[in-house]
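The values are calculated or read from the model by the stated rules, or taken from the named source; none is laboratory data. Since this is a predicted model, take the numbers as computed values, not measurements. Virtual Cβ from ideal backbone geometry, glycine too; neighbours counted across all protein chains shown.
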Amino acid sequence: MAATELAPAPPAGSVIARAPRDRTASWPLIDRVGYWLCWAVGIGLCLVALAIVAFMAVKGLSYLSLGQLVHSPAPSVVQSQSGGFLDPIEGTLIVAALGTSIAAPLGVAIAVWLSEYRRPSWLARTVESAIEIVAGAPSVVLALFGLLIFAQSFLGFLSQRAATGVVNGRSFFAAGAVMALLALPLIVASTREGLAQLPDRLREASYALGRTRATTIRRILLSAVRPDIATGTALGMGRIIGDTAIIKILLGAGLTLQPVGQTPVAGLLRGTGPTLTTYIYENSPAGEGLAPQKAYAAAFVLLLIVLGLNGIVTWLTSRGGQSGGGGLNRAFRLIPFMPNPSG
Amino acid sequence: MAVLVLIGAMLATVLVKAWPSFSHNGLSWFGPGGNVDTQLRAMAESKALPGHSLYYFRGWTLIWGTLLTTVGAVLIALVVSMLAAVFLTEFAPPAIRRVLDPVIRLLAGVPSVIYGLIGILVIAPYIDEHWISNARRVSVGYVVQLNGNDVMTATLILTLMILPIMVAITASALASVPAAWREGSLALGVNRWRTIWRVSLRTARPAIAAATVLATARALGEAVMLAMVAGGRGFAPNLLDGITALFEPVRPLAATILQNDEGLTIPALSHTIYAIAAVLLVSAGMLSFAGWFAKQRFNRYGIRA
């Protein structure tokens, strides 16, 4: 059976000795049923994913027009007059850029501290479980927390302040900061994974040349794990782009970008606006506007972005034979940190 | 570290903001009683229900909805994910594995609003049209209308959404079971299926437990898809209705927060929403901790997963 082709001493736990073909004829019936169930589930998952992508592509392409990408949404019940979704696309880009630019440096710093310093160790363990909690916290709850924080009056300069002095706490700043929390666990996990796989001789060689620990980290380790940082950032960005709950609570459900004041960039960031996800939500039967065609078109654009990010991750992780155990892609290990359910 | 302060601050602020709701209702907050939608509407209009305080809230309907969708999805996903993980690590030919790996990562990456869109525009109308017979509609017509946005649709889509996490954790664990253990079993003449069942999956048990717990936390916090698909009505499906219960609408806790987000400026309603958030946060935190604990047990075998 399986032992017919015992490959030349596979490294423990990484390669699975595999028979040329599973001969199941001699197995008891129940074992064969299990075997075929495995096949059915595996093929079924591929078909489901294919169905989702194909369906969205067909619907999206039939409703999408180039004009929608350059026109702002307009309030209208007639689908042909309700404009395009330029503003939602801009909103998505703003939130993704803000979120990742906050999360990336922070996440890398935490990861380096956790894998290279880890002192005091009780603090490291607590931080580890704290990050797990952030990764597991529902994004609605994160959003509500963000709303509480950014509605404090001393943070009023980051959002809108009413004439009465009440700060509403809703702005791109707030959304970006809370989104950073979503991306953080992914960046930390990916960077740590990369650091853990670097051989110790790299560090030792650097120390032997008289470099300090800090220089070693900055010059050697960080440049060696650059692909891992990029992987984590791309996955984190995917999660930010796909989140609806935080946007809906921290940016409201407006259709267009609403800057505050006259300052060009800061005003925009202090203001509110839609993103692709809230645009889809609001245009679906669950929201107010009944414009399923617009929702399909926007969902197709969103899916394309997500597919693109996925492609980048695959490309990043399949270079240089970086693969996890059992021939699985290394990014596979990061899935537990990228919970799409929750937002 | 900043993260710790953040977690502490998060728990503290949310709990403080939630306190009025808990203190007005006591433990009955979690109990059944009245129509939860009426209670929320009363708060939104700042008009107390006759004979009750403004904060009067009984959350059991929402908790029951959360339990139904979460437990259902996790149970189905547990079986399917074990089969998928075994297939991925043991049986799949390399060509199929090269496809299945990105497919699972894609399923993990599809935004939940897209799952929700497909659910509400495709699956729910289909179920409404083909699966719900008129007799069934009439049988519960005096309490609730069936329209395809129901427990079953929600549970099935939720299953698909938590599947990638469970497959990923289980498959990584299976892949890191020492080859010698399995070869020992194979050398004794045990066939591959039994070897997988008795050696690999048994070794991976803590990882499977961790996967289940983490997936439960994710399912608990899912808001957008459930707000779109689950029916959006504070209704508690009655299991005594038999199969019909599958077609009855629910509204889980997280979806309730999302659907009432415009009421955050109204004091009583916002306290109640934060109370729901606190319940979610505490349960998700406990589940995360349980998952971390289960993984520690796995590390004791000397296997990193």
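Quick grid of which residues meet (1) facing chain B (nearest Cβ under 10 Å); (2) at pLDDT below 70:
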residue	(1), (2)
A:VAL15	yes, yes
A:ARG32	yes, no
A:GLY44	yes, no
A:SER82	no, no
Filter pass, B:PRO102 being part of a helix (DSSP H, G or I), without any contact (Cβ under 8 Å) to a residue 12 or more places away in the chain and within 12 Å of chain A (Cβ to nearest Cβ): yes
Unmet requirement for A:LEU86, which otherwise passes all of (1) closer than 30 Å to B:VAL86 by Cα; (2) of a type outside the set (Val, Ile, Thr); (3) without any contact (Cβ under 8 Å) to a residue 40 or more places away in the chain: (1)
Any chance A:PHE150 is among the aromatic types (Phe, Trp, Tyr), more than 12 Å from every other protein chain (Cβ to nearest Cβ) and touching a Ser or Thr at 6+ places or on another chain (Cβ under 9 Å): no
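Every residue, every condition in (1) without any contact (Cβ under 8 Å) to a residue 60 or more places away in the chain; (2) not aromatic (Phe, Trp, Tyr), yes or no:
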position: B:TRP197; (1), (2): yes, no
position: B:ILE208; (1), (2): no, yes
position: B:ALA211; (1), (2): no, yes
position: B:ALA215; (1), (2): no, yes
position: B:GLY221; (1), (2): no, yes
position: B:MET228; (1), (2): no, yes
position: B:GLY234; (1), (2): no, yes
position: B:PHE247; (1), (2): no, no
position: B:ILE266; (1), (2): no, yes
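Which of the residues belonging to the stretch A:267-282 are more than 9 Å from every other protein chain (Cβ to nearest Cβ) and without any contact (Cβ under 8 Å) to a residue 40 or more places away in the chain?
Hits for the stretch A:267-282 are A:GLY267, A:GLU282.
Does the stretch A:180-188 include one or more residues that are more than 14 Å from every other protein chain (Cβ to nearest Cβ) and either of a type outside the set (Val, Ile, Thr) or part of a helix (DSSP H, G or I) (or both)?
No; the residues of the stretch A:180-188 include none that is more than 14 Å from every other protein chain (Cβ to nearest Cβ) and either of a type outside the set (Val, Ile, Thr) or part of a helix (DSSP H, G or I) (or both).
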Test: B:ARG233 is closer than 18 Å to B:MET161 by Cβ and among the basic types (Lys, Arg): no
Residue tally, condition within 12 Å of chain A (Cβ to nearest Cβ), in contact (Cβ under 8 Å) with a residue 24 or more places away in the chain and either of a type in the set (Val, Ile, Thr) or in contact with a Lys or Arg (Cβ under 8 Å, 6 or more places away or on another chain) (or both), over the stretch B:61-90: 10
Odd one out for A:LEU106, checked against (1) within 14 Å of chain B (Cβ to nearest Cβ); (2) within 22 Å of A:ALA234 (Cα to Cα); (3) buried (at least 22 other Cβ atoms within 10 Å of the Cβ): (3)
Count of residues meeting criterion [free of Cβ contacts under 8 Å to residues at least 12 places away in the same chain and surrounded by 14 or more Cβ atoms within 10 Å (Cβ to Cβ)] in the stretch B:20-43: 1
Residue ID - farthest from A:PRO336 (Cα to Cα), chosen from residues in the stretch A:131-158 that are over 25 Å from the mean Cα position of the chain (by Cα) and outside any helix (DSSP H, G or I): A:GLN152
Candidates A:ALA214, A:ALA230, A:ALA196, A:ALA205 - the one that is assigned to a helix (DSSP H, G or I), modelled with pLDDT of 90 or more and closer than 26 Å to A:VAL127 by Cβ: A:ALA230
Residue in the stretch A:291-305 that is over 18 Å from the mean Cα position of the chain (by Cα), more than 9 Å from chain B (Cβ to nearest Cβ), surrounded by fewer than 21 Cβ atoms within 10 Å (Cβ to Cβ) and not β-branched (Val, Ile, Thr) present: yes
Count of residues meeting criterion [facing chain B (nearest Cβ under 10 Å), surrounded by fewer than 24 Cβ atoms within 10 Å (Cβ to Cβ) and not in a helix (DSSP H, G or I)] in the stretch A:238-257: 2
Residue in the stretch B:254-295 that is surrounded by the most Cβ atoms within 10 Å (Cβ to Cβ), counting only those that are among the aliphatic types (A, V, I, L, M), over 23 Å from A:VAL166 (Cα atoms) and more than 7 Å from every other protein chain (Cβ to nearest Cβ): B:ALA255
Criterion violated by A:VAL112 - all others in (1) without any contact (Cβ under 8 Å) to a residue 40 or more places away in the chain; (2) surrounded by fewer than 21 Cβ atoms within 10 Å (Cβ to Cβ); (3) part of a helix (DSSP H, G or I) satisfied: (1)
The stretch A:115-136 - residue that is among the small types (Gly, Ala, Ser), touching a residue at least 12 places away in the same chain (Cβ under 8 Å) and over 26 Å from A:ILE220 (Cβ atoms) and, of those, farthest from the other protein chains (Cβ to nearest Cβ): A:ALA135
Lone unmet requirement of (1) part of a helix (DSSP H, G or I); (2) surrounded by fewer than 16 Cβ atoms within 10 Å (Cβ to Cβ); (3) not charged (D, E, K, R) for B:SER46: (1)
Spans of helices (runs of 4 or more DSSP H) in the stretch B:107-210 with at least 2 residues at the interface with chain A (Cβ under 7 Å from one of its Cβ atoms): B:112-118, B:151-175, B:179-187, B:192-195
Tally of residues being crowded, with 19+ Cβ neighbours inside 10 Å and either more than 25 Å from the chain's Cα centre (by Cα) or within 20 Å of A:VAL167 (Cα to Cα) (or both) across the stretch A:275-289: 1
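Inspect all residues belonging to the stretch B:240-250 and state whether any of them is closer than 30 Å to B:ALA290 by Cβ, away from chain A (no Cβ under 11 Å), in contact with a helix residue (DSSP H, G or I) (Cβ under 7 Å, 6 or more places away or on another chain) and surrounded by fewer than 24 Cβ atoms within 10 Å (Cβ to Cβ).
Yes, some residue in the stretch B:240-250 is closer than 30 Å to B:ALA290 by Cβ, away from chain A (no Cβ under 11 Å), in contact with a helix residue (DSSP H, G or I) (Cβ under 7 Å, 6 or more places away or on another chain) and surrounded by fewer than 24 Cβ atoms within 10 Å (Cβ to Cβ).
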Flag for A:PRO264 being out of contact with any helix residue (DSSP H, G or I) (no Cβ under 8 Å at 6 or more places or on another chain), free of Cβ contacts under 8 Å to residues at least 40 places away in the same chain, under 21 Å from A:LEU98 (Cα atoms) and surrounded by fewer than 23 Cβ atoms within 10 Å (Cβ to Cβ): yes
Which listed residue, of B:VAL113, B:VAL74, B:VAL79, is surrounded by 19 or more Cβ atoms within 10 Å (Cβ to Cβ), under 18 Å from B:LEU214 (Cα atoms) and either under 20 Å from the mean Cα position of the chain (by Cα) or at pLDDT 90 or above (or both): B:VAL74
Residue match in the stretch B:211-219 (condition: under 30 Å from B:ASN35 (Cα atoms), over 13 Å from the mean Cα position of the chain (by Cα) and not aliphatic (A, V, I, L, M)): no
